[in-house]
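> Can you keep this structure in mind? I'll have questions shortly.
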Amino acid sequence: MATKLAEADAILIGVGLVGSMLGRELTRAGLKVVGRERGEPRFTVPDFQGPQMHDELRYSIRKALMQDNTKESVTFRNTIEQTALPIRRWESFLPGTGLGGAAVHWNGQTYRFQDSDFRLRTQVLERYGENFVGKDLTIQDWGVTAVDLERYYDRFEYLLGVSGKAGHVKGTKNAGGNPFEDTRSREYPTPPMKEPYGSAMFRKAADSLGYHPFPQPSAKLSQPYTNPEGLTMNTCMFCGYCERYGCEHYAKSSPQTVLLPVLLKDKNFTLRTQCQVLRINFDKTKKHATGVTYVDSAGREFEQPGRLIILGSFALNNVRMLLLSGIGLPYDPKTGKGVVGRNYAYQTMSGVQVFYDQKVNINPFMRSGANGTVIADFVSDNFDHGTHGFIGGAYIGEIMTNGRPIEFHPTPPGTPAWGAEWKKAVVRHYNHTCVLSIHGSSVANRKNYLDLDPTYKDAWGLPLLRTTFDFPENDLKMSAYVTQKALDIGKAMGGQQVAGSPRKGPYTITQYQTTHNTGGTVMGNEPATSVVNRYLQSWDVSNVFVIGASNFPQNASYNPTGTVGALAYWAADTIVKQYLKSPGPLVHV
Amino acid sequence: MKYISLCFVAGVMIAITAHAQTTTSSSAAGNTENTGPLGAQIATRGGANGVAACASCHGAQGEGNAAAGFPRLAGQSEDYLARQMKNFTNGSRNNAVMSPIAKALTLQQTNAVSAYYGSLSAPFPTPSQLADAKVLQRGRQLATVGDNGKRIQGCANCHGPGGIGKPPTFPYLAGQHAAYLKAALAEWKNNVRTTDPSRQMNIIASLLNNEDTNAVTAYYAAQAAPQPDVQRANVPAGSTSRPVSPNSQTGSKSDGGASATQGVGTEQGAPVTGGNQGPGGGGASGSSDRSKP
């Protein structure tokens, strides 16, 4: 029998980046907010301190900061004809867990999506005509524009203290920034990170080929910074232990460094960790949520009533929570009907390695999670797709993040995978190799989707989320095209040997690619093709807001977190200024 | 940077004791044979250009002077010492005694005397009077994990576990005299020392109150100073030699025991190489094509 708790004004499901941001905005508006986080509490001191934080075996290989898949995993298959099996060991993507969520172990690459990303379908139809988009593709507009989100991007970047160089401020293009970005209201809060040697060689090569290199925007700060919450961040030390790790230096923007110290002191906020939310509850009309049911670490079940529910967990878990709670019609790939789980997308990644002779010392260990130099010439619709037969694109960059001993062993093609010859090659190439990343978009199609697994259950007896995904032909074509451009840049960088190949199918979950899983609770203007409206409010249950990368109708070329942060502030602003004054649907159709 | 030779004899490693004459320095390459004597000469007798003998303040063996707050130099990273001399010269660090001395020395002299002190091993006398246990406990906390309420990270993040330093950049703190460490923290706090481009030290020092400063400096002063960096051997890339720790010189460990090798670079056959494993990564694809043996 569940113990019933006192009603809260708002309940946060998940206290990661989105939960912390909404918690702060709603308590500031005077609401009594309770945060329910399934993972453990953790803080810069003592949890992220050296030397234990630099334990590569524990954090990179055994993935200590990730969701415990002995309790809660995800099943996977490539196609609807296959039987999905549970992922027993995270490899392809790494869902985080714990206070602060994935924003503890992220790299901090903080981009804005472009306006052409937000109005993708319209853009493609206008520029290339009706027949350009493949029949299977279910790409659509977001219902918001870059103009709508500008001040929320701005606010998020100033919360984090992002280090970068603006390319387009108040309508004026600035040399050295990203010339393709939409106009922004002001410069980044802090100047760009120092440019590593390999990145400098990339910049020169890209420049010589007529491209437009710029420093990657970074939430690892280039200098001390005090954010609008009054919290001071330190300078990144380029330690090379960033993604998959917490930052010991107070230099990585995460809820622990930019928000939680303020939020946790607020008397209107209550945090409970190790609380596994099982479902969102409703009244008889099924149109109004009454709260959540959760189980604590001692196995006790609680009912937490609340007037407003913020579902801000990891994208995949947002989808699963709606499916477990019965909110919205689940997507059916056979009919194309239904919305929850629809338009699951990913990111189309590939890499190019540039092998130098031994006079060129790269020092790969001296890196940060988001340093380096990139080009956006092949991002989104920044180039003419007319003859290529695909939509979308990728950024290319020398954005190496580490030279850690277990993970970083660049060897040229033809090198044996083990043995004396392999060891010799690792010694020969370790300090003399640059790696370029090709970070590409992912279109939505009818076949890729999320639903509840019919067989496998979690530790609480609830069905796991099932992912059905393979790379759409469109994205493989895109990867082939942009990876060739990266190979050309690699050659212009003066390496002795340049190796790399585009992303090829089938999608495998046994090789790390990216944790940019998107879609499943997509936003939009039509209830028939979206789960939430443009303010991220559930069409079906108006006091439930779903926020995260699960809102993306398809994934863009850039990293998603900047857009997740902007959407979170956009939704929070709407809740405070409109919803709280008159609770109910914000969009009527 | 700096390497010493290691000989393997019947499985017993004998590290050639790092001696001034055998130490080479990248910056003093070509003067190798003169480095030792010149460094020792300046340290013990001073320089011809009117520079006083370092030993007159820093002790005959570089052990420093606890009462006067002259720092211990023995075994401090050569690179760090040379850098500080340059900092005294360019004014990013200021000291009434040291600044004129640093300015008077030539680059060759600076490098030689830095190498000399980097190679020295001075005794570490247990401090006669240990601070209160509570003070040391607070010092230990700041040194090892920091203080989240004050947003102070643990010193060990940069200065190494136990404060043994992370050469060549970060100096050791273990065994350093409390009076010197306090003076150094005051310089950081007052921004008269601007040698840290990240400004981490200026910020950390400004977050420490007097009690914290007393505690952390007392804690480090009570820890045994580390061996000279050159005895914590590095081996050149590609060498078949294996690193030997100072401790292993005392026992007769087998070759294998002293040099456990790294884990392998694959998981379930999937390559994890490539350098970009995180969001924004994906560099592994190049290596996925490589042929199997």
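The values are calculated or read from the model by the stated rules, or taken from the named source; none is laboratory data. For clarity, every value in this text was computed on a predicted model and none was experimentally measured. Note: ideal-geometry Cβ built from the backbone for every residue, glycine included; neighbour counts use all protein chains shown.
> Considering only residues that are out of contact with any strand residue (DSSP E or B) (no Cβ under 7 Å at 6 or more places or on another chain), at negative phi and either among the basic types (Lys, Arg) or surrounded by fewer than 17 Cβ atoms within 10 Å (Cβ to Cβ) (or both), which ones fall in segment A:236-294?
A:Lys265, A:Asp266, A:Lys267, A:Lys284, A:Thr285, A:Lys287
> When only residues in segment B:182-207 that are within 14 Å of chain A (Cβ to nearest Cβ) and among the hydrophobic types (A, V, I, L, M, F, W, C) count, which is farthest from B:Ser119 (Cα to Cα)?
Looking at the filtered set, the residue picked out is B:Leu207.
> Mind listing whichever residues of segment A:398-433 are under 21 Å from A:Asn107 (Cβ atoms) and either more than 29 Å from the chain's Cα centre (by Cα) or more than 8 Å from every other protein chain (Cβ to nearest Cβ) (or both)?
A:Glu398, A:Arg404 - these are the residues of segment A:398-433 that are under 21 Å from A:Asn107 (Cβ atoms) and either more than 29 Å from the chain's Cα centre (by Cα) or more than 8 Å from every other protein chain (Cβ to nearest Cβ) (or both).
> Taking segment A:22-81 as the search range and keeping residues that are more than 14 Å from chain B (Cβ to nearest Cβ) and among the β-branched types (Val, Ile, Thr), which one is surrounded by the fewest Cβ atoms within 10 Å (Cβ to Cβ)?
Only one residue fits best here, namely A:Thr70.
> OK, next. List the pairs whose first member sits in segment A:123-137 and is surrounded by 10 or more Cβ atoms within 10 Å (Cβ to Cβ), whose second member is in a helix (DSSP H, G or I) and not β-branched (Val, Ile, Thr), and whose Cβ atoms are under 7 Å apart, counting only residues at least 6 apart or on separate chains?
If the second residue must be in a helix (DSSP H, G or I) and not β-branched (Val, Ile, Thr), the pairs left are A:Gln123/A:Ser116; A:Val124/A:Phe132; A:Gly134/A:Asn474; A:Leu137/A:Asn474.
> What single numbered condition from (1) within 14 Å of chain B (Cβ to nearest Cβ); (2) over 22 Å from the mean Cα position of the chain (by Cα); (3) at pLDDT 95 or above fails to hold for A:Phe93?
(2)
> Restricting the search to segment B:145-165, which residues are at the interface with chain A (Cβ under 7 Å from one of its Cβ atoms) and among the small types (Gly, Ala, Ser)?
Listed by number, the residues that qualify are B:Gly146, B:Gly154, B:Ala156.
> Here's something else I'd like to know. Quick check on A:Glu25: is it acidic (Asp, Glu) and either without any contact (Cβ under 8 Å) to a residue 24 or more places away in the chain or assigned to a helix (DSSP H, G or I) (or both)?
Here the answer is yes, as A:Glu25 does meet what is asked.
> Please tell me if A:His439 is buried (at least 19 other Cβ atoms within 10 Å of the Cβ), out of contact with any helix residue (DSSP H, G or I) (no Cβ under 8 Å at 6 or more places or on another chain) and not in a helix (DSSP H, G or I).
It is true that A:His439 is buried (at least 19 other Cβ atoms within 10 Å of the Cβ), out of contact with any helix residue (DSSP H, G or I) (no Cβ under 8 Å at 6 or more places or on another chain) and not in a helix (DSSP H, G or I).
> Follow-up. Could you list, in sequence order, all residues of segment A:387-397 that are at the interface with chain B (Cβ under 10 Å from one of its Cβ atoms) and touching an Asp or Glu at 6+ places or on another chain (Cβ under 9 Å)?
Within segment A:387-397, A:Tyr395 is the sole residue that qualifies.
> Out of the residues in segment A:226-262 meeting the condition of being within 23 Å of the chain's Cα centre (by Cα) and of a type in the set (Gly, Ala, Ser), tell me which one is nearest to the other protein chains (Cβ to nearest Cβ).
Checking each candidate, the answer is A:Ala251.
> Kindly list, by first and then second residue, each pair from a residue in segment A:32-47 that is at pLDDT below 95 to a residue that is surrounded by fewer than 21 Cβ atoms within 10 Å (Cβ to Cβ) and not aromatic (Phe, Trp, Tyr), limited to pairs with Cβ atoms under 7 Å and residues at least 6 apart or on different chains.
So the pair list comes out empty.
> Let me ask something additional. Residues in segment B:42-101 that are under 18 Å from the mean Cα position of the chain (by Cα), assigned to a loop (DSSP other than H, G, I, E, B) and among the polar types (S, T, N, Q): how many?
Selection size over segment B:42-101: 3.
> Quick check: anything in segment A:379-386 within 13 Å of chain B (Cβ to nearest Cβ) and in contact with a Lys or Arg (Cβ under 9 Å, 6 or more places away or on another chain)?
No, every residue in segment A:379-386 fails to be within 13 Å of chain B (Cβ to nearest Cβ) and in contact with a Lys or Arg (Cβ under 9 Å, 6 or more places away or on another chain).
> Go through A:Ala444, A:Ala425, A:Ala417 for me and flag whichever is farther than 30 Å from A:Pro192 by Cβ and at pLDDT below 95.
That would be A:Ala417, the only listed residue that is farther than 30 Å from A:Pro192 by Cβ and at pLDDT below 95.
> Would you point out which residue out of B:Ala143, B:Ala178 is within 27 Å of B:Gly62 (Cβ to Cβ), in contact (Cβ under 8 Å) with a residue 40 or more places away in the chain and touching a Cys at 6+ places or on another chain (Cβ under 6 Å)?
B:Ala143
> Further question: Considering only segment A:138-165, state which residues are polar (S, T, N, Q) and closer than 29 Å to A:Asp475 by Cβ.
Listed by number, the residues that qualify are A:Thr138, A:Gln140, A:Thr145.
> Might you check whether a residue that is within 14 Å of another protein chain (Cβ to nearest Cβ), surrounded by 19 or more Cβ atoms within 10 Å (Cβ to Cβ) and at negative phi occurs anywhere in segment A:297-315?
Yes, that holds for at least one residue.
> Run A:Val374 past the list (1) under 25 Å from A:Ala480 (Cβ atoms); (2) over 22 Å from the mean Cα position of the chain (by Cα) and report the number of the one that doesn't hold.
(2)
> How do the helices (runs of 4 or more DSSP H) wholly within segment A:105-192 filter down when requiring 2 or more residues that are within 25 Å of A:Gly386 (Cβ to Cβ): which remain?
Filter on segment A:105-192 gives A:115-118, A:120-128.
> With the structure loaded, tell me whether B:Gln109 is under 24 Å from B:Cys158 (Cβ atoms) and assigned to a helix (DSSP H, G or I) or whether it fails that test.
No, not satisfied.
> Evaluate the following for A:Gly461: is it within 14 Å of chain B (Cβ to nearest Cβ) and more than 23 Å from the chain's Cα centre (by Cα)?
no
For (1) buried (at least 19 other Cβ atoms within 10 Å of the Cβ); (2) modelled with pLDDT of 80 or more, each residue gets a yes or a no:
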position	(1), (2)
B:Val9	no, no
B:Val12	no, no
B:Ala52	no, yes
B:Lys86	no, yes
B:Ile101	yes, yes
